[in-house]
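*Asks:* Have a look at this one.
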Amino acid sequence: MRNLFVHLFYVITLVMEKSFYSIFITFFKVGTMLLGGGYVILPLLTSELVEKKKWITSDELCEFYALSSSLPGVIAVNTAIFTGRKLLKTKGAIAAIIGIILPSFLAIVLLASILNEIVHYKSIQNIFWGVGIGVIVLLFLAIKEMWTKCIVDKYTIMVYIICLLLALFTKISPAIIIILSIVIGVLNCQFNNKKEEEND
């Protein structure tokens, strides 16, 4: 009898795991920690969705993040849309959007009226300093995660170096560099596909 209850609880947990509410709560939790912009969402989502809940794979999350970075709009919201749709289609996307946006909205509403009065306090400045350090760490983790997934051979290293040099030593817009990277990736994919067809 006990095993039956345990099994039943396990089945119910699996059914409830990807519900509208659970997706909303997960992204709301991520949204409350999303300090420093959308670039820090990758390690947060990796911890929540890949390692803890195992809803998606690390490769899928990196693909969603890369695609979100190359599209107009807020990176965090774009990533939430892709991830939520993967989990529960349109309902999942809506739950993820509401969850990721709501903490920022509430924080702005609550803090906007008192921010000018408290920002000059030394303790508040120390808090901002600590948040800044935390954001740097999260950015490093995001770069580390993307590096292991994207820089995999000599070709990707060459593209990375070219993009880095263009970003550091030219005045080319980052958007142009991203578009250039997309074009190079598509051309490389087509070339590899043709090569495989010829070998077959």
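The values are calculated or read from the model by the stated rules, or taken from the named source; none is laboratory data. The model shown is predicted, which means the values in this text are computed figures rather than measured ones. Cβ sites come from the backbone with ideal geometry, for glycine too, and all protein chains shown count toward neighbours. The protein model used for the area step is the full one, side chains on, heavy atoms only, and it has no ligands, DNA or RNA in it. Shrake-Rupley method; radii C 1.70, N 1.55, O 1.52, S 1.80 Å.
*Asks:* Where Lys and Arg each count +1 and Asp and Glu each count -1, what net charge lies around Phe27 among other residues with Cβ under 12 Å from its Cβ? Write out the running numbers ahead of the final one.
*Replies:* Values: positive: Lys29, Lys53; negative: Glu48.
Charge balance in the 12 Å sphere: +1.
*Asks:* Please give the FRET efficiency for Ser70 paired with Lys122, using the beta carbon to beta carbon distance and R0 = 45 Å, rounded to the nearest 0.05.
*Replies:* Working from the Cβ atoms, E equals 0.65.
*Asks:* Say each of Phe105 and Lys52 gets a label point 7 Å from the Cα, pointing the same way as Cα to Cβ; how far apart are those two points in nm?
*Replies:* 2.2
*Asks:* What nm value, rounded to one decimal, do you get for the distance between Ala112 and Leu180 when each label is placed 7 Å out toward the C-beta?
*Replies:* For the pair Ala112/Leu180, the computed spacing is 3.9 nm.
*Asks:* Next question, about the same structure. Within a Cβ distance under 12 Å of Tyr65, other residues only, what is the Lys/Arg minus Asp/Glu net charge? Please report the intermediate quantities before stating the final value.
*Replies:* Working: positive: Lys149; negative: Asp59, Glu60, Glu63, Glu145.
Summing Lys and Arg as +1 and Asp and Glu as -1 gives -3.
*Asks:* Something else now. Quickly rank 85-92, 126-133, 175-182 as a protection proxy: mean count of other C-beta atoms within 10 Å, highest first. Working shown, then result.
*Replies:* Numbers: 85-92: 16.8, 126-133: 10.5, 175-182: 13.8.
Ranking the peptides 85-92, 126-133, 175-182 by packing returns 85-92, 175-182, 126-133.
*Asks:* Mind scanning Lys52/Lys144; Lys144/Lys171; Lys89/Lys149; Lys54/Lys171; Lys91/Lys154; Lys122/Lys171 and naming the pairs with a C-alpha gap bigger than 31 Å?
*Replies:* On the way: Lys52/Lys144 19 Å; Lys144/Lys171 26 Å; Lys89/Lys149 25 Å; Lys54/Lys171 41 Å; Lys91/Lys154 41 Å; Lys122/Lys171 38 Å.
Beyond 31 Å: Lys54/Lys171; Lys91/Lys154; Lys122/Lys171.
*Asks:* Can you tell me which of Thr156, Thr148, Thr170 moves the most in a GNM of the chain? Springs connect C-alpha atoms under 10 Å apart.
*Replies:* Among Thr156, Thr148, Thr170, the largest mean-square fluctuation in the Gaussian network model of the chain belongs to Thr170.
*Asks:* Taking the convex hull of the Cα atoms, report for the stretch 86-200 its projected area averaged over all directions, in nm². Walk me through the numbers on the way to the answer.
*Replies:* On the way: hull surface 50.3 nm².
That works out to 12.6 nm².
*Asks:* Further, regarding this structure: Could you look at the chain and say what percent of its accessible area is carbon and sulfur, using a 1.4 Å probe and all protein chains? Mind showing how you got there, number by number?
*Replies:* Numbers: 9830 of 13820 Å².
Carbon with sulfur: 71 percent of the solvent-accessible area.
*Asks:* On to the next question. What FRET efficiency do you get for Cys189 and Glu60 if R0 is 25 Å and r is their Cβ-Cβ distance, rounded to the nearest 0.05? Could the numbers behind the result be given before it?
*Replies:* Details: r = 18 Å, r/R0 = 0.72.
That gives a FRET efficiency of 0.90.
*Asks:* Which trypsin sites (Lys or Arg not before Pro) in the stretch 93-183 sit in a loop by DSSP (not H, G, I, E or B) and have at most 12 other Cβ atoms within 10 Å of their own Cβ?
*Replies:* Numbers: sites: Lys122, Lys144, Lys149, Lys154, Lys171; in loops: Lys171.
Answer by residue number: Lys171.
*Asks:* Oh, and also: Leaving out ligands and nucleic acids, and using a 1.4 Å probe, what accessible area per residue does the chain come to in Å²?
*Replies:* Details: 13820 Å² over 200 residues.
Averaged over the residues of the chain, the accessible area is 69 Å².
*Asks:* Given the protein chains as shown and a 1.4 Å probe, how many square angstrom of Tyr121 are accessible, to the nearest 10?
*Replies:* 130
*Asks:* Another question, then. Given Cβ point charges of +1 (Lys, Arg) and -1 (Asp, Glu) and nothing else, what value in debye, to the nearest 20, does the dipole of the chain about its Cα centre take? Walk me through the numbers before you get to the answer.
*Replies:* On the way: 17 positive and 13 negative charges, 101 e Å.
Its charge dipole is roughly 480 debye.
*Asks:* For a quick protection proxy, order the peptides 49-57, 103-111 by their average other-Cβ count within 10 Å, most packed first. If you can, show how the numbers build up before the last one.
*Replies:* Details: 49-57: 15.0, 103-111: 12.3.
Top of the packing list down: 49-57, 103-111.
*Asks:* Among [x] 1.27; [y] 1.37; [z] 1.00, find the value of Cα Rg over 2.2 N^0.38 Å that was calculated from the structure presented, and write down its label.
*Replies:* Answer label, from the structure shown: [x].
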